[in-house]
Amino acid sequence: MEEQVLAGIRVLDFGRYIAGPFCGAMLADFGAEVIRVERLAGSEDRYMMPVGAGAGANFLHLGRNKKGMTLNPMKAEGQAVLKRLVPTVDVVIANLPLPTLQAMQIDYDSLKAIKPDIILTMVSAFGIDGPYSERVGFDTLGQAMSGAMYMTGDDDMPRRSVAPYVDFGTALLSAFGTMAALRERDKTGRGQLVESSLFSTAMTFMNAHHIEQSVLDLNRPPMGNRGATAAPVDCFKTRDGFIFVLAIGDPLFERWANLIGAEDWIDDPRFANDEARGNNADLICERMQGWCIQRTSEQALVELEAARIPGGPVNNLAEALDDPHVLARKLHQYVEYPGVDKLVPLMDTPVRLSVTPGGVRHRAPMLGEHTDQILADLGFSADEIKALHKQRAV
């Protein structure tokens with residue numbers, strides 16, 4: 001078996017919630033040894049969405065392939081552990097405010113003083129400078145402040161995405177930045193600070209909308225499920241559920257019109273291009289809704305696929321888990337976790353390499369599961385480890 005891409009890379013993960021921990025999970029999936037560092041009582045995200053004793057759904061997902069230790073860097077004894085631990089690692093991940101990092105002495109300057117070629121991957125809500133730099137925040141603030149929540153809403157209320165895409169997007173950008181920094185260190189021996197923020201990610205994902213607004217000054221109203229510059233792009237009710245359909249571009253619109261019996265619309269100037277169709281979305285989507293409501297979701301999707309028009313069911317969570325494509329591609333790895341009554345479906349590494357793939361190798365750690373072993377590997381004696389526990393440093 002080929003050695004994994006990041007074999008030999010060691011990472012300290014001080015992440016919390018999603019953005020930092022998923023960055024660490026991606027590195028771990030590809031072979032890095034990632035040590036998740038938690039408070040003695042456990043990090044907040046360990047207990048979110050509880051599914052068993054001391055096990056939150058989010059932590060089970062994002063803690064896979066990691067070792068776990070507890071540490072209190074605010075104590076002198078904890079700092080002594082940190083100063084022995086940092087020289088053994090290549091990367092530190094932290095999504096904490098800069099003043100907190102400085103107090104814990106895991107800011108870049110402090111870490112570089114211990115290990116000059118260290119890479120610190122720092123995630124924050126708004127970035128390390130600017131008027132919002134001291135603010136705390138979560139994914140949804142990025143959705144709200146970038147304009148995404150406004151555009152996804154309707155006339156009555158803005159709507160957030162329940163999937164925290166800003167968090168996960170920031171994690172992936174952070175992992176990308178970390179890989180780039182590791183590549184630079186391989187070439188020059190230099191470490192560096194990798195800095196990302198939820199707000200920058202949210203603004204990046206909305207940039208095309210910002211460009212359109214800046215250039216054309218359209219002040220688009222909220223779109224809900226509709227497409228801004230194409231139709232039909234919407235969620236449609238069927239006899240037994242909902243489906244989502246997208247016809248973007250002239251060839252797809254022509255196939256759609258032929259499918260539903262609207263051939264006369266193909267040469268209609270009202271529907272001449274995507275922009276025109278977007279401007280007449282009410283008319284187009286009303287016609288599509290009439291077609292869908294006469295069919296079950298399965299019947300509609302079979303006909304759409306035969307015409308090569310993108311469409312899919314609006315699944316609930318149980319249906320998503322049992323989707324035949326999910327099962328066929330083995331997208332979940334089912335693992336045991338102490339205190340959880342059922343096997344846990346962990347989403348496998350979402351990007352696949354043909355020669356050196358990542359993957360889920362083991363479950364998330366129990367609280368402090370590997371603390372003593374990590375300390376012993378650093379040269380602490382059994383008596384010293386007992387003393388550190390007694391001092392509440394670990």
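Here, each number is a calculation from the coordinates, and none is a lab measurement. If you're wondering where the values come from, they're calculated on a predicted model, not measured in any experiment. A quick note on method: Cβ atoms are made from the backbone with ideal geometry, for glycine too, and the neighbour counts reach across all protein chains shown.
Using Cβ contacts closer than 10 Å as the measure, can you line up Cys285, Cys235 from fewest to most? Each step should come with its number before you reach the end.
Details: Cys285 21, Cys235 15.
Ascending Cβ contact count within 10 Å gives the list Cys235, Cys285.
For the pair Asp383 and Arg135, how long in nm is the line joining their label points, each one 7 Å along Cα→Cβ?
Output for this residue pair reads 5.4 nm.
To the nearest 0.05, how large is the calculated FRET efficiency for Asp322 and Ile114 if R₀ is 56 Å and r is the Cβ-Cβ distance?
Numbers: r = 50 Å, r/R0 = 0.88.
Once the sixth-power term is evaluated, E becomes 0.70.
Within region 60-159, list the trypsin sites (Lys or Arg not before Pro) lying in a DSSP loop whose Cβ has at most 14 other Cβ atoms in a 10 Å radius.
The qualifying sites are Arg135.
Does region 190-244 come out rounded, prolate or oblate, given a ≥ b ≥ c as the square roots of the eigenvalues of its C-alpha gyration tensor, rounded meaning a/c under 1.5 and, failing that, prolate meaning a/b above b/c? Please report the intermediate quantities before stating the final value.
On the way: a/c = 4.18, a/b = 1.72, b/c = 2.43.
Here region 190-244 falls in the oblate category.
Excluding residues fewer than 8 places away in the same chain, name every one of the lysines whose C-alpha is closer than 28 Å to that of Lys386.
In chain and number order, the partners are Lys66, Lys67, Lys75, Lys83, Lys115.
Determine, for each peptide in 362-372, 218-228, the mean count of other beta carbons within 10 angstrom over its residues, then list the peptides with the highest first. Before the final figure, lay out each step's value.
Details: 362-372: 18.8, 218-228: 14.6.
Order by mean packing, descending: 362-372, 218-228.
Compute the separation of the alpha-carbon centres of region 111-168 and region 5-32 and state it in Å as a whole number.
Each part's Cα centre sits 19 Å from the other's.
Subtract the Cα-Cα distance of His362 and Phe242 from 0.36 nm times their separation in residues, and report this length gain in nm to one decimal. List each step's numbers first, then the result.
Working: separation 120, 0.36 × 120 = 43.20 nm, distance 3.71 nm.
That pair, His362 and Phe242, stretches by 39.5 nm at full extension.
Which value in deg cm²/dmol, rounded to the nearest 500, describes the helix-derived mean residue ellipticity at 222 nm for the chain, given -39,500 (n - 2.57) per DSSP H run of n ≥ 4 and division by the residue count?
On the way: 18 runs with 160 residues, N = 394.
For the chain, the value works out to -11500 deg cm²/dmol.
Report the charge-dipole magnitude of the chain in Debye, nearest 20, computed about the Cα centre from +1 at each Lys and Arg Cβ and -1 at each Asp and Glu Cβ. Don't jump to the answer; show the numbers that get you there.
On the way: 39 positive and 51 negative charges, 310 e Å.
The dipole of the chain has a size of about 1480 debye.
Take the Cβ-Cβ distance between Asn280 and Tyr334 as r, set R0 to 51 Å, and report the resulting FRET efficiency rounded to the nearest 0.05. List each step's numbers first, then the result.
Numbers: r = 48 Å, r/R0 = 0.93.
After rounding to 0.05, the efficiency reads 0.60.
Match the structure shown to one of the listed values (i) 182; (ii) 248; (iii) 135 of volume of the Cα convex hull per residue in Å³, computed from it, and give that label.
It is the value labelled (i).
Which whole-number percentage describes the relative contact order of region 120-226, with Cα contacts under 8 Å and a sequence gap of 6 or more? Working shown, then result.
On the way: 139 pairs, mean separation 41.7, N = 107.
Relative contact order of region 120-226: 39 percent.
Tell me which GluC sites (Glu not before Pro) from region 1-91 have a DSSP coil assignment and no more than 15 other beta carbons within 10 Å of their own.
On the way: sites: Glu2, Glu3, Glu33, Glu38, Glu44, Glu77; in loops: Glu2, Glu3.
Sites meeting the loop and neighbour criteria: Glu2, Glu3.
About the Cα centre of region 275-367, how large is the charge dipole given +1 on each Lys and Arg Cβ and -1 on each Asp and Glu Cβ? Please answer in debye to the nearest 20. Present the calculation step by step, with values, prior to reporting the outcome.
Working: 10 positive and 12 negative charges, 84 e Å.
Charge dipole of region 275-367: 400 debye, to the nearest 20.
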